[in-house]
Amino acid sequence: MYVILLSSKHPVKDKIIGKTENQTSTLSRFTDEFDVTECLGKGAYGCVHAARDKLLKQGFAVKIVRSNDKALREVGTLSKLLHCNIVRYYTCWMEDSRYQGHITAGNSAGSFSSSQSIEDPSAKYLYIQMELCKTKTLKKWINEKNTQSLQDSKRRQESVAIAQQIVCGVEYIHSMGHIHRDLKPENILFGVDEKVKIGDFGMVTKDDDDDDDTALMERSGLRGTSTYMAPEQITGKTYDRKVDIFALGLIYFELLWKLSTGHERGVVWNDARSQKLPEEFSLTFAKENEIIKLMLREKPEDRPEAIKLMAELEKWAQTQNMDQERATV
């Protein structure tokens with residue numbers, strides 16, 4: 001069990017030690033305890049840095065976002081999750097300033113913005129310390145596979161192994177009473193142990209029939225990435241954990257099938273969302289076609305639970321392994 005540290009009070013590290021007309025300089029827990037080595041990602045949500053703990057001599061990922069209800073909800077959920085297929089959370093803390101890194105090779109020098117004096121004097125920033133994963137996302141894995149020969153057998157074996165791990169992580173999320181709501185290849189990483197890791201819980205919400213009206217409203221809004229959204233999400237209907245199963249069906253299809261770019265991709269993708277998978281795909285991947293179509297059913301109650309999917313994928317993986325062994329005899 002990890003303790004969430006939300007207080008920004010630090011007797012030394014948060015003390016203002018200098019001030020000029022253009023810049024406020026502060027001592028920060030982040031730069032005091034970590035050597036920042038690399039910016040891993042940056043966007044409207046905030047940024048993620050690779051940082052090495054000076055005391056532990058160990059690398060971590062530190063996500064820095066403006067503190068608000070959404071950010072605190074993400075941290076609150078992550079603090080309760082511990083699973084080999086979910087990016088591990090360690091701790092978090094508040095600071096008055098946001099780190100502005102200017103990282104160059106061999107130089108981790110950075111500065112702190114004085115944006116609170118420009119934007120909002122009361123602005124606080126949440127620093128979330130997490131497991132450091134490889135920079136290669138599942139999206140990059142798919143893109144690399146799409147440059148290789150069409151539908152090689154190795155891709156098929158690797159895809160079912162990846163799908164199994166994602167489903168395992170999702171089943172755990174659901175068992176803990178949550179819906180991820182933003183499953184997509186960009187949010188799925190690979191750990192240093194090579195295991196698949198589900199990340200980015202910024203859209204997470206509760207999955208509970210006994211929730212109050214506010215929570216039910218939360219599960220009827222347009223949340224997530226439209227490309228991977230289930231039909232009930234797009235139409236604004238109240239939904240449950242089965243939206244994650246729909247997204248998983250699309251991801252599994254994308255893992256296996258070499259999609260072109262541009263208009264053709266859009267047509268194939270829209271057809272897939274309606275369970276109309278390419279004929280060649282159905283012939284080449286008959287079993288996967290069957291599983292994916294179940295996941296992409298329009299009515300959420302017709303989609304399988306994650307735990308059932310785990311069993312189906314396990315049986316299919318065993319069948320593939322046996323076929324492979326026979327082929328090598």
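The values are calculated or read from the model by the stated rules, or taken from the named source; none is laboratory data. Keep in mind that what you see is a predicted model, and the values were worked out from it rather than measured. Neighbour counts are summed over all protein chains in view; Cβ atoms, including those assigned to glycine, are modelled from backbone coordinates with ideal geometry. For accessibility, only protein heavy atoms count, side chains too; no ligands or nucleic acids. Shrake-Rupley method; radii C 1.70, N 1.55, O 1.52, S 1.80 Å.
Descriptive notes on the structure:
- Considering residues of the stretch 281-313 that are touching a residue at least 60 places away in the same chain (Cβ under 8 Å) and among the acidic types (Asp, Glu) only, the residue most open to solvent (accessible area, probe 1.4 Å): Glu298
- Whichever residue in the stretch 47-61 is free of Cβ contacts under 8 Å to residues at least 40 places away in the same chain and crowded, with 19+ Cβ neighbours inside 10 Å and, among such residues, is nearest to the chain's Cα centre (by Cα): Val48
- Identity of the residue in the stretch 106-132, open to solvent by 20 Å² or more (accessible area, probe 1.4 Å), at pLDDT 90 or above and assigned to a strand (DSSP E or B), that ends up nearest to Cys47 (Cα to Cα): Met130
- Pairing each residue of the stretch 152-177 that is open to solvent by 40 Å² or more (accessible area, probe 1.4 Å) with any residue that is of a type in the set (Lys, Arg), provided the two are 6+ apart or on different chains, yields C-beta distances under 8 Å for Gln165/Lys195; Met176/Lys80.
- Qualifying positions in the stretch 224-244 - part of a loop (DSSP other than H, G, I, E, B) and of a type in the set (Val, Ile, Thr): Thr225, Thr235, Thr238
- Going through (1) modelled with pLDDT under 95; (2) of a type in the set (Lys, Arg); (3) assigned to a helix (DSSP H, G or I) one by one, Lys258 falls short only on (3).
- Residue under evaluation Asp271, criteria (1) farther than 28 Å from Ala317 by Cβ; (2) charged (D, E, K, R); (3) assigned to a helix (DSSP H, G or I), criterion not met: (1)
- Leading residue by the ranking (surrounded by the most Cβ atoms within 10 Å (Cβ to Cβ)) among those in the stretch 193-211 that are in contact with a His (Cβ under 8 Å, 6 or more places away or on another chain) and farther than 20 Å from Ala61 by Cα: Asp207
- Only one of the numbered conditions (1) open to solvent by less than 10 Å² (accessible area, probe 1.4 Å); (2) in a helix (DSSP H, G or I); (3) modelled with pLDDT under 90 is violated by Gly249, and that is (3).
- Candidates in the stretch 183-192 are the residues that are without any contact (Cβ under 8 Å) to a residue 60 or more places away in the chain and not in a strand (DSSP E or B); of these, the one that is least open to solvent (accessible area, probe 1.4 Å) is Asn187.
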